[in-house]
Amino acid sequence: MAMVPPSPSLAFKVRRNEPELVTPIKPTPREYKPLSDIDDRDGHRFLIPAIQFYQYNPSMGGKDPARVIREALAKTLVFYYPFAGRLREGPNRKLYVDCTGEGVLFVEGDADVRLEQFGDELQPPFPCMDELLFDVPGYGEVLNSPLFLIQVTRLKCGGFIFAIRHNQAMSDGVGCYQFINAVGEMARGAVAPTVLPVWERHLLNARSPPRVTCTHHEFDQEMIDRKDDITQPNNMINRSFFFGFDEVLALRSLVPPDHQFSTFDILTACLWRCHTRAFQLDPNEEIRIICIVNARSKFNPPLPLGYYGNAIGYPATLTTVGKLCQSPLWYAIELVKETKAKLTEEYMKSTADFLVTRGRPALNMTRSFLVSYVPRIKLEDVDFGWGKAAYAGQATIVDGKHLSPYKNKKGEDGIMFPNCLPAPVMERFVHELNSMLKNENHVGKCKL
């Protein structure tokens, strides 16, 4: 395992122009569009940041990336006009978009820093994020505010940074990528996005009458108010871990060869077990794994290509600390596979029914290991004319464990795992992970 060194200590200021609202370049419908019952649960009512770094490209002939992106954004909003509106809350806290055409918030600026000063391995957390993604006063609410904030920061080297903050209730990661990729296509001269947006939020609404047919441990409330060192940590440390071919092969050697599993399965199982051991919990404590799963292909027929709402489920499985840490590794792998397999069309319909009948609760993150891996979200492929991004993805390390495709400075493809833990827990986590990679003292190890 390569523990990626933290970003170098770097301090700078961004000289920003006044924020502006970018509106669709043509008139768009003025209408009200309700979100789905999957969209508007409590756990989606927040703003999520992302960031993309672009190198200098001499073929762009001195073009201003801020101007190119601003003009492309105005064209793209003709197709994605709900993003130019504002979220409102109706009866029973139901969310809908008021398609006002007011626009998305856009900021441009300059920083006297070069891309290489951010380090050889670009990974979160990044220095001076509050400069690269300015918190515009009065515009940071979920309701009645712009649904996107976009900031383009030109760098001293000729490269630039594209940072966004988007309203999670409007779209999941796949939907956000679809929109940003469309902006890239328009910036390169397209007259319309390759994938046209599809609203159709009724497809993920609760049934009438609602029928909760599945067990939804992800929303269990009985432990959610407990004081918990996992959910209320202090002295936090950020570290990122890179898993290449050798690391994955080493982990696979811990499992008998007759077991079938994906790279995501074994990485998640190993990280969950190391994470749990690092917290030194009572063996009888109940814990859960929650897998974020893209449900688009789970429907029959699949959700329409271009659907950009929230189409992700959060199936969960319970076990105990003792069972997870004392059983062979394949036990954890099977729990991960079992959890993912729960996500079906019926499970999503049951989720919507559960949410509307139980007040749209948030996920229960108490003693939970929330993990996602959505390889089709390839933000680094978004090209505004300057080529692919040198880095694209998380701007900060947030709740949940997100496994992301990553190419290291050696050109090796692998998976990056950013993690944030209290200092003593992080030390134990690193020890457990190194021990596992070295095949030391792990139940059920099997050398091939």
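The figures follow:
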{"read-out": "Protein accessible area in segment 348-422, 1.4 Å probe - carbon and sulfur %", "value": "49 percent"}
{"read-out": "Kyte-Doolittle mean at least 0.0, axial Cα span of 15 Å or more - DSSP H helices of the chain", "value": "65-79, 173-187, 263-279, 329-341, 423-437"}
{"read-out": "Candidate residues 199, 272: accessible-area rank, largest first, probe 1.4 Å", "value": "199, 272"}
{"read-out": "In Å², nearest 10: area of residue 39 left accessible to a 1.4 Å probe", "value": "0 Å²"}
{"read-out": "Those trypsin sites (Lys or Arg not before Pro) in segment 15-112 that DSSP places in a loop and that have at most 12 other beta carbons within 10 Å", "value": "30"}
{"read-out": "Low-density loop positions, GluC sites (Glu not before Pro), segment 30-129 - DSSP coil, at most 13 other Cβ in 10 Å", "value": "31"}
{"read-out": "Apportionment of accessible area to carbon and sulfur, segment 86-154, percent (1.4 Å)", "value": "45 percent"}
{"read-out": "Proximal charge balance of residue 132 [Cβ under 13 Å; K/R count +1, D/E count -1]", "value": "0"}
{"read-out": "Sum of side-chain charges, residue 122 neighbourhood, beta-carbon under 12 Å (Lys, Arg +1; Asp, Glu -1)", "value": "-2"}
{"read-out": "Among 341-352, 306-317, the order from most to least packed when residues are scored by Cβ within 10 Å on average", "value": "306-317, 341-352"}
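The values are calculated or read from the model by the stated rules, or taken from the named source; none is laboratory data. This one's a predicted model, so the numbers in the text were calculated from it and none came from an experiment. Here Cβ is always computed from backbone atoms with ideal geometry, including for glycine, and neighbour counts include all displayed protein chains. Note: accessible area is taken over every heavy atom of the protein model, side chains too, but ligands, DNA and RNA are not part of it. Shrake-Rupley method; radii C 1.70, N 1.55, O 1.52, S 1.80 Å.
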